[in-house]
Amino acid sequence: MPLIGQPAGAVSLRGARLAFGDRVLWDHLDLSVSPGEFVAVLGPNGTGKTSLLKVLLGQLALTAGEAFVPGSGHIGYVPQHRPIDREVLLRGRDLVQLGIDGRRWGVMPLRSADRTLRSEAVQRALQWVNGERLADVPVGVMSGGELQRVRIAQALASDPTLLLCDEPLLTLDPANAKLVAALIERRRQEAATTVIFVTHEVNPILPYIDRVLYLVDGRFRIGTVEQVMNTATLSMLYQADIQVVKVNDRYVVVGDHDGCTR
């Protein structure tokens, strides 16, 4: 289980190993993330990116080593973008409210003052993402970009010091991907929130990244974008001939690989 006791927003893994039987996703992973830092987690499918977030959320135990994270009440989670059935009756404010009520146990009714505080927290979270007009819109009829903005508001409703993002740009069109990435960066800048951002597509978040953790078949590399996103490093990680070209502030990766970030 993750251990508590780090400074607000800080995260660290020491000698971390995650394995399922004989399959080792990663081993001897040492990572210290400072408060307010933006770390992108890259790599192909099946290399343990989402599993890393589950470890930090306390949903998955390390095979060996230690994980240090803020208390669970200080963690916000933004899931992969998936559409919601049109028949779902939840409104935008209801989905955001789950980011608060999901931490409560039992069915004890809230006092009037608590209901007011909860309502104010929901309103603030929607304001963070410029989503006030979505408060009463059914989530099933929202566009992909609108729904993901509300999911970010849900993650921010508890005012977290750590934001874990699992492929939040998946299936979004370029304009909405850029908007969602900018909203997450705005939160980081205005509240010094630590961000750990799992993605296949690095280019929409390039302006915001402090460091990259790149995972491939049990191998990994940690460093700045320039230190990791280059021909030599990715060829080593994939054990294949990988060419990395930077064109107009975008990275293009070409080679014999599966799921390499482009």
### Stretchable slack from D217 to N130, in nm (0.36 nm times residue separation minus alpha-carbon distance)
27.4 nm
### Query
Of K54, K246, K178, which is the most mobile in a GNM of the chain whose springs link Cα atoms less than 10 angstrom apart?
K246
### Query
Which of T116, T161, T224 moves the most in a Gaussian network model of the chain with Cα springs under 10 Å?
T116
### Query
What full-extension length gain, to one decimal in nm, is calculated for A19 and V141 as 0.36 nm per residue of separation minus the Cα-Cα distance?
39.9 nm
### Query
What are the semi-axes of the equivalent ellipsoid of segment 3-255, taken as the square roots of 5 times the eigenvalues of the Cα gyration tensor, listed largest first and rounded to whole Å?
32, 22, 16
### Summary
Exposure-ranked with fewest Cβ neighbours within 10 Å first, V247, V228 stand as V247, V228
### Task
Would you work out which of L117, G76, S32 lies farthest towards the positive end of the dipole of the chain? Charges go on Cβ: Lys and Arg +1, Asp and Glu -1.
L117
### Task
Note the angle between two axes, namely the Cα long axis of helix 174-191 and the longest principal axis of the Cα atoms of the chain, as a number of degrees from 0 to 90, rounded to the nearest 10.
80
### Task
With springs connecting C-alpha atoms under 10 Å apart, model the chain as a Gaussian network and identify which of L215, L56, L89 has the largest mean-square fluctuation.
L89
### Query
Cross-link partners among aspartates and glutamates for K246, C-alpha distance below 16 Å, same-chain residues fewer than 8 apart left out?
E201, E226
#### Entry: Nitroxide proxy distance, nm - points 7 Å out along Cα→Cβ at K54 and S32
2.9
### Taking F38, F20 and counting other C-beta atoms within 10 Å, the order from fewest to most
F20, F38
### Summary
In degrees rounded to 10, the 0-90 angle between helix 92-101 Cα long axis and the longest Cα principal axis of the chain is 80
### Task
Any chance you could give the angle, 0 to 90 degrees and rounded to 10, that helix 112-128 forms with the longest Cα principal axis of the chain?
40
### Message
Ranking request for peptides 139-145, 57-63: highest mean number of other beta-carbon atoms within 10 Å first, then the rest in descending order.
### Response
139-145, 57-63
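We did not get these values from a lab; they are worked out from the coordinates using the rules stated. The structure presented is a predicted model; accordingly, all values stated were derived computationally and were not measured. Positions of Cβ are backbone-derived with ideal geometry, glycine not excepted, and every protein chain shown enters the neighbour counts.
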